1. What does the structure give for A:11-17 when I average, per residue, the other chain Cβ atoms found within 10 Å of the residue Cβ?
2. Check each of the trypsin sites (Lys or Arg not before Pro) in the stretch B:175-246 and keep only those in coil by DSSP with at most 15 other C-beta atoms within 10 angstrom; list them in order.
3. 222 nm [θ] for chain B, helices only, -39500 (n - 2.57) per DSSP H run of 4+, per residue, to 500?
4. Calculate, in nm to one decimal, what B:V229 and B:E197 gain on full extension: separation in residues at 0.36 nm each, minus their alpha carbon distance.
5. What number, rounded to the nearest 500 deg cm²/dmol, is the helix-based mean residue ellipticity at 222 nm of chain A, given -39500 (n - 2.57) per DSSP H run of at least four residues and division by all its residues?
6. Return the loop-located GluC sites (Glu not before Pro) in the stretch B:135-198 (DSSP other than H, G, I, E, B) with at most 15 other Cβ atoms within 10 Å of their own Cβ; answer none if there are none.
7. Explain nothing, just the number: relative contact order of chain B, from Cα pairs under 8 Å at least 6 residues apart, as a whole percent.
8. Amide H to amide H under 5 Å from A:M79: which residues, 5+ apart in sequence or cross-chain, H placed 1.01 Å off N in plane?
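Nothing in this text is a laboratory measurement; each read-out follows from the coordinates by a stated rule. Because the structure is predicted, anything quoted here is derived from the model rather than measured. Here the Cβ positions follow ideal geometry from the backbone for every residue, glycine too, while neighbour counts run over all protein chains shown.
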Amino acid sequence: MEGLDGNAIAGSLYEIFGAEMTDAACVCAHCGAERRVAELTVYMRGPGTVVRCRSCEAMVMTLVEIRGITCVDLRGLAMLEHPS
Amino acid sequence: MERTALRRRLSWTQARVVDLLDETASVRSIVVEPPEWPGHRAGQHVDVRLTAEDGYQAQRSYSIASAPEDDHLVLTVERLEDGEVSPYLVGELRPGDELELRGPIGGYFVWEESLGGPLLLIAGGSGVVPLRAMLRHRSAVASVVPVRLLYSARSLADVIYRDELMQAATGLVDIRFTLTRARPEGWTGYDRRIDRELLAEVAWPPDDDPLVYVCGPTGFVETAAGSLVDLGHDPGRIRTERFGPS
């Protein structure tokens, strides 16, 4: 399964964080790699969206929408900038 | 103003389809008029949502093909035979129909004149769409940033915006096609998939520190961006956007 990138979830992230997030910096909690959200690997073919670090492939973010509510798990990130 | 734009609420809106333009046999440009449009930046996209009669919804992202300065908002969509959304957009949509969309979205894969250059644009197939918006924007603001587009397509008939791109190729605008499957007789341009050797020939040398935008299918983007890094380009100057089946 080929991964996309963080650009593909720009709309969902905007909805969740209320700001444009693709250019925001983030740090992988597993390997410490820092990059822009747009550069993360995104898999959208499953029941939810899985976002992985492009360096170590660790899961950094998951987004699951159930009955209009989006559940967001960010435990794989040590840091996520919020451009406010 | 930038701050206001960041805090804008992103909501779904019904945009009226005012025109449809066939770009190639499988690619169509959709000219839309959203009731309110805050303006966009070259390289941004919109989300499009289709709702079936039974309530089932499918949502995809499409790059904006028009420059911020253009009169209308234009999306260019390639029909993928097994797609859920693109066959409707390319084959069924008619002028006067309404299309549900939200945007503009994205802040990373964006070019503005203040970012400078030289600007190297690398497109695989319909990955040319956001790069075309950048070219049009550059031209609309009369930018003197040198730009080079390397566009990989299967054949000349698959080249989207072919006439426009050929006409744009003057002075500081360098447009190069590589045709990977079929070439017209007497074709003297590039005739293979983008690889390290081709990029070494086409890209400005790393010492010129070009600002690079790569857009295409995932495998294409990995090859192009990886080869540029191998050639000594600064990864921090390479922005990428990958697309998949839609």
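1. On the way: counts 11, 4, 2, 10, 6, 0, 0.
Counting Cβ atoms of other protein chains within 10 Å of each residue's Cβ and averaging gives 5.
2. Of the trypsin sites (Lys or Arg not before Pro), the ones in loops of the stretch B:175-246 whose Cβ has at most 15 other Cβ atoms within 10 Å are B:R181, B:R192, B:R193.
3. The per-residue figure over chain B is -5500 deg cm²/dmol.
4. Working: separation 32, 0.36 × 32 = 11.52 nm, distance 1.28 nm.
This chain segment gains 10.2 nm when fully extended.
5. Value at 222 nm, helices only: -2500 deg cm²/dmol.
6. Working: sites: B:E164, B:E185, B:E197; in loops: B:E185.
Filter output for the stretch B:135-198: B:E185.
7. On the way: 499 pairs, mean separation 45.6, N = 246.
Across chain B, relative contact order equals 19 percent.
8. A:V27
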